[in-house]
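Worksheet: one structure, shown below.
The values are calculated or read from the model by the stated rules, or taken from the named source; none is laboratory data. Just so we're clear, the structure is a prediction, and the values are computed from it rather than from any experiment. Because the Cβ atoms are built from the backbone with ideal geometry, glycine has one as well, and the counts that use them run over all protein chains shown. The accessibility values were calculated without ligands, DNA or RNA, using every heavy atom of the protein model including side chains. Shrake-Rupley method; radii C 1.70, N 1.55, O 1.52, S 1.80 Å.
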Amino acid sequence: MVTALIVAAGKGKRMGLGYNKQYLLIDGKEVISRTIDVFEEAEFIDNIVVVVSKDEIEYFKENIVERYGYKKIEAIVCGGEERQHSVYNGLVECKRSDIVVIHDGARPFVKKEHILETINMAKKYGASALAVKAKDTVKLVEGDFFQQTLDRNSIYFIQTPQTFQYQLILRAHEYAKEKGIFATDDTSLVEQLGKKVAVVEGSYDNIKITTKEDIYLAELILKK
């Protein structure tokens with residue numbers, strides 16, 4: 001079984017809205033709904049687990065799940081204090097899964113073919129993630145000065161989905177919990193176990209909506 005675990009419990013503080021950025025409208029439809037649509041329509045996704053903030057569970061049920069009639073959403077899970085806690089809460093609900101596709105609710109433009117490629121790579125290697133090559137020159141900074149120019153051909157910007165064999169990602173989260181390890185993404189936790197993560201080259205359109213400027217970019221991507 002392949003489960004999409006969509007993490008949508010963030011508050012989007014950088015957006016300065018006073019409410020979850022996942023409910024912002026892009027051309028009349030919520031960000032989170034556009035994200036779910038991709039996985040709902042993907043024939044290789046068997047079910048969906050969504051993680052939302054505790055105080056948004058009822059709102060999400062009524063205004064997203066029931067309104068759009070999603071059939072694959074099997075569980076709505078309460079988020080934790082940090083993203084890592086939210087993902088772990090979601091993983092607990094994925095016990096029947098062989099493969100878990102972890103995706104940010106604020107990335108509505110992921111392509112189905114890229115999701116499928118991460119699944120195939122995770123089946124083969126245990127873990128995979130979408131990433132895109134750095135376009136600009138990348139510098140290492142210490143204090144107020146540049147210290148080193150890095151080879152941008154070896155630099156990738158990580159995206160989601162990040163896709164794993166279920167037992168591997170569960171073990172990685174349990175190990176992190178035991179050792180007090182915190183990371184901003186799930187591949188980092190798997191790397192803590194000494195496991196390698198396969199790279200799947202993604203798309204620059206797969207943006208994460210984080211700031212108000214991203215809304216304008218999102219509208220342009222839709223038009224394109």
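Quick notes on this structure:
Okay, residues lined up against (1) within 26 Å of residue 73 (Cα to Cα); (2) β-branched (Val, Ile, Thr); (3) in contact (Cβ under 8 Å) with a residue 12 or more places away in the chain; (4) in contact with a Leu (Cβ under 9 Å, 6 or more places away or on another chain):
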site: 104; (1), (2), (3), (4): yes, no, yes, no
site: 116; (1), (2), (3), (4): yes, no, yes, no
site: 123; (1), (2), (3), (4): yes, no, yes, no
site: 128; (1), (2), (3), (4): yes, no, yes, no
site: 134; (1), (2), (3), (4): no, no, yes, yes
site: 137; (1), (2), (3), (4): no, yes, yes, yes
site: 142; (1), (2), (3), (4): no, no, no, no
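- Taken together, 140, 91, 116, 150 contain a single residue that is open to solvent by less than 30 Å² (accessible area, probe 1.4 Å) and aliphatic (A, V, I, L, M), which is 91.
- Elements of type strands (runs of 3 or more DSSP E) contained in segment 136-204, each with 1 or more residues being closer than 18 Å to residue 88 by Cβ and not hydrophobic (A, V, I, L, M, F, W, C): 156-165
- Only a single criterion out of (1) surrounded by fewer than 17 Cβ atoms within 10 Å (Cβ to Cβ); (2) over 20 Å from residue 190 (Cβ atoms); (3) free of Cβ contacts under 8 Å to residues at least 60 places away in the same chain is not satisfied by residue 56, namely (1).
- Among (1) closer than 30 Å to residue 197 by Cα; (2) open to solvent by less than 30 Å² (accessible area, probe 1.4 Å); (3) modelled with pLDDT of 95 or more, the one test that residue 79 misses: (3)
- If the condition is being free of Cβ contacts under 8 Å to residues at least 60 places away in the same chain and of a type in the set (A, V, I, L, M), then segment 81-102 contributes only 92.
- Among the residues here, residue 166 qualifies as among the hydroxyl-bearing types (Ser, Thr, Tyr), more than 12 Å from residue 187 (Cβ to Cβ), in contact with an Asp or Glu (Cβ under 8 Å, 6 or more places away or on another chain) and open to solvent by less than 100 Å² (accessible area, probe 1.4 Å).
- Top-ranked residue in segment 186-216 [being without any contact (Cβ under 8 Å) to a residue 40 or more places away in the chain and either more than 23 Å from residue 30 (Cβ to Cβ) or under 19 Å from the mean Cα position of the chain (by Cα) (or both); ranked as surrounded by the fewest Cβ atoms within 10 Å (Cβ to Cβ)]: 194
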